[in-house]
Amino acid sequence: PGPMPLTRRTGQIPEANWTLGLREMTEPWKGAVGCFGVAVFFAMTIGIISWQAVEQSPEEWVLRGRAGGVLWERRRGALLLRALPEGRTVAVIAVGGVPAAEPPPPRDHCWHDGGTFCYAWEEDAELRLSLEPPPAPGTECYGVHWTPLRPDVVLKDCFSMANISWYGGASIRAQRWPLNGAESLAQPFVSGDLSKNPTGYGPVLERYFLGSTGVTVTVAPDVPLFLSMESDRHFCLETPAGRASVPLQYHLCVSPDVATAQRHEVHLPQLSPPRRSPIWRYHGPTSSAARVKRGLRSLARRLKRHRLQEGVLALGEHCTAVLTAVEDLPSDQRKRQESAPAWDPALVEPLQVSITLSPYTSIASPLFLRSLRDGTVESSWLSLQLRGGGCSVPLLTTWKGQLCASLNVTSEAALSWYLARARRLRQALGATYVAVEGAEGNAFLEQDVSPPAELAGDRYVTALAAALVMLGNATVISAGARSSHLPLFVQMSPLHSDWSHAGLKGVIPSVLHYSLLGYNFFIPEAVGGSLASETPGDRELYVRWLQIVTFLPVMAFSTPPWLCCDTWVVNLTRQCIQRHRDFVVPLLLKYSQEWLRLGHPIFRPAWWLSPTDPTAFTIEDEFLIGDEVLVAPITEKGQTWRDIYLPGEGHLWMDTNSARVFDGGTILRNYSASLAEVPVFVK
């Protein structure tokens with residue numbers, strides 16, 4: 001029989017035959033197969049690109065509420081806050097702490113909770129967005145919570161200034177309104193002394209920002225925070241570098257307009273403090289108690305001669321110390337010196353007296369030396385724990401050129417001693433008012449030392465302000481942070497004697513800034529400014545400054561009018577003081593009741609009555625008292641005219657100088673205002 005035929009397994013191509021066939025394939029066929037593969041690759045690529053273009057929108061909703069929501073914009077790596085139903089974008093927040101190229105949606109780790117969106121950038125940070133309870137109907141709020149996933153991650157959210165004006169935040173040396181024109185490097189968001197650090201933040205700040213689109217940004221109070229501002233581009237909230245896992249947490253709220261948004265940010269004060277005006281600051285001889293007394297009597301006589309004998313004589317810290325030096329001596333030495341004639345406040349009547357203290361004491365002072373001897377340094381003054389524990393040393397800082405220790409505001413015993421001493425000095429001089437300067441700043445951060453938790457950020461200012469309330473509502477403090485509800489006056493920072501934003505042009509922006517943050521009862525910088533300038537004794541500057549402070553809570557003078565200028569200015573000063581007493585004070589009392597009841601600021605920007613008019617958002621040289629008086633002073637050197645924006649379409653405004661009536665929502669071009677006039681309109 002012949003050989004059996006070879007059997008072939010079905011479904012399997014013999015390797016030899018396949019290889020042989022491939023080898024026998026002609027060159028044209030090889031080219032065809034290659035072209036087919038390339039075509040398939042290009043088709044797949046084009047399909048993916050088309051899918052991304054069609055299916056993946058550059059913006060995608062990540063959290064949506066009833067009145068708006070948050071979107072992610074892929075191109076910029078930004079969160080967009082959008083109001084509905086009109087779909088207007090009210091805030092653009094560029095995300096700087098994570099890779100912008102990596103888009104968060106659609107992976108939502110909180111998909112089971114309709115009011116929350118979560119996303120984690122692997123090894124960088126986690127974002128959690130949530131709907132929060134609104135403060136009022138018509139407003140919607142969102143929580144933003146960033147958590148770093150590595151110790152070296154610095155979280156940074158930047159809020160765009162394109163087509164939006166921002167207000168609030170920190171006071172600065174050359175105050176701007178809005179803050180779009182401000183410039184600041186990233187630094188701790190802590191109140192500071194502008195005389196020590198002119199590029200830092202000033203004495204009054206709050207973790208609150210208001211946008212002209214009706215959005216508010218409120219940063220959590222206990223989160224370590226840095227703030228930077230790049231003029232006309234953005235301001236950025238960021239966490240400090242070098243700290244392990246510091247979160248960034250804030251709330252966004254959206255209201256129909258900017259005025260509605262501000263009305264909902266209410267922190268009702270406890271009481272509106274009284275104050276006699278004007279304040280006359282004493283700058284006479286201070287070398288001895290006898291010389292100070294003679295100088296005060298001389299100033300009182302000059303004020304009486306010019307028929308200006310009302311208000312308060314304000315003694316600086318050094319004068320207060322000179323007149324009360326005997327009070328800080330040990331009891332045995334005090335008895336030996338009590339034979340010296342005491343100060344008699346009747347010598348300057350009807351003027352009242354204000355004394356000035358600070359929370360500092362020189363390390364060479366009897367107070368500090370006594371605490372060393374008694375072993376009470378740690379309980380009386382801020383101290384540093386040395387490494388290894390057990391021992392501490394006073395935390396020293398510089399105050400007015402001297403090495404000083406700072407009052408320990410975390411010690412009830414130290415605060416009780418400080419308040420008792422303030423009452424004793426006030427009684428010894430028959431003073432009505434007590435001013436405390438030097439409250440701003442964080443002594444630990446100034447020394448580049450991490451503060452204890454109870455004194456982190458601005459807790460020193462907050463604690464000191466709460467204690468000073470015990471002295472009564474005739475008390476002045478130099479700083480404010482989370483203390484706007486307290487019945488204290490706040491002293492504004494010194495300004496330069498010039499026409500810049502660090503001088504006269506900064507007065508009205510400062511007024512609006514303080515009032516927006518809830519500090520309605522402030523003492524403005526003295527007429528003419530108190531910091532040196534290149535052109536001292538500028539008569540026109542003095543008059544224009546005088547015209548502004550006439551309409552503020554208190555009129556303060558560092559240089560009396562007879563030393564600055566001529567008889568005409570002295571007479572004008574007298575007229576302004578009378579106008580303040582007869583016209584302004586009743587207005588302040590009326591709107592302080594509204595402040596107490598509703599929390600509305602007393603001094604209001606133009607947009608308060610025109611919350612949707614973009615023209616009103618950038619006006620920094622006018623202000624309203626309540627809703628019924630508009631003050632529009634001259635702030636440019638040599639000018640006797642200006643453009644005036646009258647807010648409130650549908651309202652009528654009457655010029656108090658000419659009795660002419662104009663429509664609200666209009667601009668008066670080249671409106672005349674001689675050196676003797678300040679444009680004031682009544683609604």
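Would you mind computing, in nm to one decimal, how far apart the modelled labels at Glu649 and Leu367 are, each placed 7 Å from Cα along Cα→Cβ?
5.8 nm
Let me know the charge dipole size of segment 499-635 about its Cα centre in debye, to the nearest 20, where only the beta-carbon of Lys, Arg (+1) and Asp, Glu (-1) is charged.
With Lys and Arg at +1 and Asp and Glu at -1, about 380 debye.
Test of the criteria: in segment 152-236, which GluC sites (Glu not before Pro) are in a DSSP loop and have at most 15 other Cβ atoms within 10 angstrom of their Cβ?
Here the GluC sites (Glu not before Pro) that fit, given the DSSP loop and packing criteria, are Glu183.
Two decimals is fine: what's Rg over Rh for segment 152-209, C-alpha atoms, Kirkwood radius as Rh?
Rg/Rh for segment 152-209 comes to 0.97.
If you average 1/r over all unlike Cα pairs in segment 170-291 and invert the result, what Kirkwood radius do you get in angstrom?
17.5 Å
At a temperature of 20 °C and a viscosity of 1.002 mPa s, determine how fast segment 364-405 diffuses translationally according to Stokes-Einstein, using the Kirkwood radius over alpha-carbon pairs as Rh; express D in µm²/s, rounded to the nearest whole number.
195 µm²/s
When the accessible area of segment 61-265 is computed with all protein chains present and a 1.4 Å probe, what percentage of it is carbon and sulfur?
Summing carbon and sulfur atoms, their accessible area is 52 percent of the total for segment 61-265.
Of the accessible area of segment 521-648, with the probe set at 1.4 angstrom, what percent is carbon plus sulfur?
54 percent
From the phi of every residue in segment 402-413, what ³J(HN,Hα) in whole Hz does the Karplus formula 6.51 cos²θ - 1.76 cosθ + 1.60 yield, where θ is phi - 60° and glycine or proline is x?
Whole-Hz 3J(HN,Hα) from phi for segment 402-413: 10, 7, 9, 9, 10, 4, 7, 6, 8, 9, 4, 5.
Using the Karplus equation 6.51 cos²θ - 1.76 cosθ + 1.60 (θ = phi - 60°), what ³J(HN,Hα) coupling, rounded to whole Hz, does each residue of segment 599-610 give in order, writing x for Gly and Pro?
x, 6, x, 7, 9, 10, x, 4, 5, 4, 9, 9
Which of the GluC sites (Glu not before Pro) found in segment 496-557 are loop residues per DSSP with 11 or fewer other Cβ atoms within 10 Å of their Cβ?
When the GluC sites (Glu not before Pro) of segment 496-557 are filtered for loop state and at most 11 Cβ neighbours within 10 Å, Glu534 remain.
By per-residue mean of other Cβ atoms within 10 Å, what is the highest-first order of 630-640, 254-264?
Those peptides, ordered most packed to least, come out 254-264, 630-640.
Ordered by packing density, taken as the mean number of other Cβ atoms within 10 Å over each peptide's residues, highest first, how do 510-516, 293-299, 429-435 rank?
Ranking, from highest mean packing down: 510-516, 429-435, 293-299.
Quick one: 3J(HN,Hα) in Hz for segment 574-586, Karplus 6.51/-1.76/1.60 with θ = phi - 60°, rounded, Gly and Pro as x.
After applying 6.51 cos²θ - 1.76 cosθ + 1.60, I find 4, 5, 5, 4, 5, 5, 4, 5, 8, 10, 7, 4, x Hz.
Report Rg (one decimal) and Dmax (nearest whole number) for segment 600-683, counting Cα atoms only, units Å.
Cα-based Rg and Dmax for segment 600-683 come out at 12.0, 36 Å.
Return, for the Cα atoms of segment 61-265, the radius of gyration and Dmax in Å, separated by a comma.
Radius of gyration, then largest Cα-Cα span, for segment 61-265: 16.5, 54 Å.
Could I have the simple spin-label model distance between Asn670 and Glu446, label points 7 Å from Cα toward Cβ, reported in nm to one decimal?
Here the modelled spin labels are 5.2 nm apart.
Whole number in Å², please: accessible area per residue of segment 526-665, 1.4 Å probe, ligands, DNA and RNA not counted.
39 Å²
FRET efficiency for Arg424 and Asp257, Cβ-Cβ distance as r, R0 = 45 Å, nearest 0.05?
Efficiency for this residue pair is about 0.30.
The values are calculated or read from the model by the stated rules, or taken from the named source; none is laboratory data. Keep in mind it's a predicted model, so treat the numbers as computed, not measured. FYI the Cβ positions are ideal-geometry reconstructions off the backbone, even for glycines, and counts take in every protein chain you see. Note: accessible area is taken over every heavy atom of the protein model, side chains too, but ligands, DNA and RNA are not part of it. Shrake-Rupley method; radii C 1.70, N 1.55, O 1.52, S 1.80 Å.
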